[in-house]
Amino acid sequence: MDSRWRRSEMSSGTSQYLRMKSPSVISNGSFEFTPATFTLVGIPGLEAEHIWISIPFCLTYSIIFIGNGIILHIIRIAPVLHQPMYFFLAMLAFVELGVCASTMPTVLGIFLFGIHDISFGGCLLQMFSMHSFTLMESGVLLAMSVDRFVAIYSPLRYTTILTIPRITGMGATIALRSVMLMLPLLFLLKDLPFCGHNTLTHSYCLHSDLIKLPCADTRPNSILGLFVITSTFGLDSLLIVVSYMLIFHIVLGIASGAGRWRALNTCVSHICAVLVYYVPMISLSLLHRFGRHLPPLLQTFMANAYLFFPPVVNPIVYSIKTKEIRNSIVRTLSRKRGEV
């Protein structure tokens, strides 16, 4: 049997950070162990500079929470923004805040305070939360493409088709789909024996990182993970492409050039959001598949770009490209200044 399974002699130092699972003895008489904690890694090779690296991370989190918070606040208080397009934008801002809130405790804990350990349960909770919100973001982008199709295909019936109950139902379906797909992965991972292996390669807990550690067969986890990716990111991106093919077909049938440009201009912000979300994801996937010989620093940079780039860029793009949001922000700031 693989030597990883032979744990009959455990050092006293190791036993301090390992806890035994429910009594389970394997054939050679050794026990299966689950780490009490996982050890997270910051940026490889730059450990001495972590306190300085924390500055851009703190700025990034501040920009994300302020930018997306402003979007949510403006949509809430401005009656002119109580339309389907902006309700979906509010969903996007909310799930992006959820992704960042999931990673912030461990990322800032590592770079600011040098805290590299996270409990087993805390790691699983972070993985579940972060991946669930990431799946929701993909679903929201698909819903926003449907919104753009309805707005261009049937502008006169736009608000009667996408009513608040239907939008609420779409949001609930997106959230339920994400949670239900992630729960089996969580329980499969929870029951695996780790035999003391507890060092991860990122500053947060990823499923793809965690399934490399167990000393048992992880094929069910990998197969289910592939199904989750295919049924969310794969299907959502395919349907987004189909929706834009239909949109372009409709736009090409518009007689005037000005009308075509006006219709396409309403999609620019969403197209940017889709590219900002999927391009880093695809790049990171290709890097993991074909770039194993590349420096770990590059992989860490791409993983962080995938997580932080969309929530930083999207509020800026929508604030610049969407006149109603821009004007509402200006009016709110002017009103606040007048009150002072």
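The values are calculated or read from the model by the stated rules, or taken from the named source; none is laboratory data. Because the structure is predicted, anything quoted here is derived from the model rather than measured. Cβ sites come from the backbone with ideal geometry, for glycine too, and all protein chains shown count toward neighbours. Ligands, DNA and RNA are excluded from the accessible area calculation, which covers all protein heavy atoms including side chains. Shrake-Rupley method; radii C 1.70, N 1.55, O 1.52, S 1.80 Å.
Numbers at a glance
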item: Residues being in contact with a helix residue (DSSP H, G or I) (Cβ under 8 Å, 6 or more places away or on another chain) and either among the basic types (Lys, Arg) or farther than 23 Å from Glu96 by Cβ (or both) - total across region 120-156; result: 5
item: Members of region 135-155 that are over 16 Å from Leu239 (Cα atoms) and touching a residue at least 60 places away in the same chain (Cβ under 8 Å); result: Ala151, Ile152, Tyr153
item: Tyr277 vs. criteria more than 28 Å from Ile43 (Cα to Cα), among the aromatic types (Phe, Trp, Tyr) and open to solvent by less than 90 Å² (accessible area, probe 1.4 Å); result: no
item: Cβ pairs under 9 Å, 6+ apart, first in region 182-207 and free of Cβ contacts under 8 Å to residues at least 24 places away in the same chain, second surrounded by fewer than 16 Cβ atoms within 10 Å (Cβ to Cβ) and among the basic types (Lys, Arg); result: Asp191/Lys21
item: Qualifying residue in region 49-71 (condition: within 30 Å of Pro155 (Cβ to Cβ), open to solvent by 40 Å² or more (accessible area, probe 1.4 Å) and either part of a helix (DSSP H, G or I) or in contact with a His (Cβ under 7 Å, 6 or more places away or on another chain) (or both)); result: yes
item: Contacts under 8 angstrom Cβ, first residue in region 156-174 being over 19 Å from His131 (Cα atoms), partner open to solvent by less than 30 Å² (accessible area, probe 1.4 Å) and in a loop (DSSP other than H, G, I, E, B), 6 or more apart; result: Ile161/Ser154
item: Leu235 being under 18 Å from the mean Cα position of the chain (by Cα), open to solvent by 70 Å² or more (accessible area, probe 1.4 Å) and farther than 17 Å from Met127 by Cβ; result: yes
item: Residue among Leu192, Leu135, Leu181, Leu112 that alone is open to solvent by 60 Å² or more (accessible area, probe 1.4 Å) and out of contact with any Gly (no Cβ under 9 Å at 6 or more places or on another chain); result: Leu112
item: Any hit, region 91-105, residues being on the phi < 0 side of the Ramachandran plot, in a helix (DSSP H, G or I) and over 17 Å from the mean Cα position of the chain (by Cα); result: no
item: Residue within region 84-101 that is more than 21 Å from Thr134 (Cα to Cα), buried (at least 18 other Cβ atoms within 10 Å of the Cβ), touching a helix residue (DSSP H, G or I) at 6+ places or on another chain (Cβ under 8 Å) and modelled with pLDDT of 90 or more present; result: yes
item: One residue from Leu156, Leu162, Leu141 being surrounded by 14 or more Cβ atoms within 10 Å (Cβ to Cβ), over 28 Å from Asn221 (Cβ atoms) and not small (Gly, Ala, Ser); result: Leu162
item: Any helices (runs of 4 or more DSSP H) falling wholly within region 170-288 and containing at least 1 residues that are modelled with pLDDT of 90 or more; result: 219-229, 235-252
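Listed here are the residues, each with its yes/no results for (1) buried (at least 19 other Cβ atoms within 10 Å of the Cβ); (2) touching an Asp or Glu at 6+ places or on another chain (Cβ under 6 Å); (3) in contact (Cβ under 8 Å) with a residue 40 or more places away in the chain; (4) not aromatic (Phe, Trp, Tyr).
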site	(1), (2), (3), (4)
Ile282	no, no, no, yes
Pro311	yes, yes, yes, yes
Ile320	no, no, no, yes
Ile329	no, no, yes, yes
Thr332	no, no, yes, yes
